[in-house]
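Student: Supplied in structure tokens, the structure appears directly below.
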Amino acid sequence: MVTLKKTVMMSRNLRTEAAQRFAERRRREDEAPRLLDLVPSLATLRLEMRSRGGSVNAEARHARIVVVDRAPALFALKCDDPTCRGGGYDVTAPIMSGLLAATTSFDMEDTCRGTVGEAACGRSVRVHVTATYRDPPFSPRPGRRP
């Protein structure tokens, strides 16, 4: 009975922690400027992530197609290690730098800053970014008619 109670309490704590992390992530997304406001010529955006290392010595791959019309200009990725606490990757700055330069394809890498037990997580993520851009709107030179 005691172990069942302990298990239920631990499960409830994990759900509460996950709910808090989700609420914090949602708050940050809501407060972030919209991607299209910062990069109005952006048409499509695809992120291909590959993470490896850490206590889970397996490679994980997945892709995210960003809905440009309503996406926040925030690129915070969670760590794939389920035992990692407080970790993840904030790759907003390097991705925004590439998008603002109208780069169509680029790679970047980051290391998780979380912990697994008492040790650093050590997982890393490599992100391949592919973007397409709309043609800039026609703007005639001053004094000339289109």
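Just so it is clear, none of the values below were taken in a lab; they were calculated from the coordinates. Predicted model only: the values in this text are computed from it and were never measured.
Student: I'd like the Kirkwood hydrodynamic radius of the range 73-123, using the inverse of the mean 1/r over distinct C-alpha pairs, in Å.
Tutor: 12.0
Student: Treating each Cα of the range 33-133 as an identical point scatterer and ignoring solvent, apply the Debye formula and state log10 I(q)/I(0) at q = 0.17, 0.25 Å⁻¹.
Tutor: -0.74, -1.25
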